[in-house]
1. List the residues, sorted by chain then number, that are 5 or more residues from residue 142 or on another chain and whose placed amide H is less than 5 Å from its amide H.
2. Restricting to the chain, what percent of DSSP beta bridges are antiparallel, rounded to 5?
3. In the chain, if the dipole is taken from +1 on Lys/Arg beta carbons and -1 on Asp/Glu beta carbons about the Cα centre, which of 60, 118, 13 is farthest to the positive end?
4. Show me the ranking of peptides 37-49, 115-127 by mean Cβ neighbours inside 10 Å, starting with the highest.
5. For residue 13, what residues show an amide H to amide H distance below 5 Å, using hydrogens built from the backbone and excluding near sequence neighbours?
6. With no other cysteine's Cβ closer than 4.7 Å, which Cys residues of the chain count as lacking a disulfide-compatible partner?
7. If you place +1 on the Cβ of every Lys and Arg, -1 on the Cβ of every Asp and Glu, and leave all else neutral, what size is the dipole of the chain about its Cα centre, to the nearest 20 Debye?
8. Using a Gaussian network model of the chain with C-alpha springs under 10 Å, which one of 78, 62, 108 is most mobile by mean-square fluctuation?
Amino acid sequence: MRVIAGSRKGHRIEAPAGLSTRPTSDRVRENVFNLVQSWVEEAVVLDLFAGSGAMGIEALSRGAGRAVFVESDALACRAIEHNLDKLRLTGAEVACRNVVRFVAADTRAYDLVFCDPPYAEYEALEPTLARYAPKLLTGDGLLVLETAAKTEPQLPLEQRTSRRYGAARITLFHR
């Protein structure tokens with residue numbers, strides 16, 4: 001995987017080995033950032049189920065002010081920290097903890113939230129997202145949710161668009 005655009009364009013991003021994470025493909029990431037580019041500059045970003053950190057790293061490369069990466073897998077957390085160090089990106093925080101516990105306790109609001117849970121876990125996670133996603137967003141914040149293509153997420157937010165890219169669906173929600 002590579003950073004697609006911005007100050008770190010072309011630099012490689014390492015993903016943790018194994019099957020515990022499913023990195024968002026470069027093609028999907030590029031399309032997502034085409035959709036959200038007006039939210040990125042100076043944004044405070046939250047990357048939930050961060051995996052390799054590719055979404056948050058892409059946002060920082062494109063001018064986001066800060067990014068918080070939340071991931072429960074210790075190997076993935078180390079990969080995120082390695083990628084941030086290697087790319088010399090500042091303004092980042094890595095929270096190596098359970099995502100549900102994090103969103104339940106976090107009191108900050110974010111301009112842009114990326115959420116890419118394991119596809120098989122989304123149905124069980126949706127009620128929790130419905131409860132906490134609105135409080136995670138600033139007044140004009142945006143949630144970018146990646147699910148399996150067949151899943152049509154329902155959250156108490158305004159849906160801006162929903163697009164399929166192969167096995168993935170990207171749904172944008174606005175407060």
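1. So residue 142 has HN proximity to 112, 113.
2. Values: 15 of 34 bridges.
If I count the DSSP bridges inside the chain, around 45 percent turn out antiparallel.
3. 13
4. Working: 37-49: 20.3, 115-127: 15.8.
In decreasing order of mean packing, 37-49, 115-127 become 37-49, 115-127.
5. Under 5 Å from the amide H of residue 13: 2, 3.
6. Singleton cysteines: 115.
7. Taking the Cα centre of the chain as origin, the dipole is about 300 debye.
8. 108
Since every read-out is calculated from the coordinates, none of them should be taken as a lab result. Here the structure is a predicted model, which means the values were calculated and not measured. Note: ideal-geometry Cβ built from the backbone for every residue, glycine included; neighbour counts use all protein chains shown.
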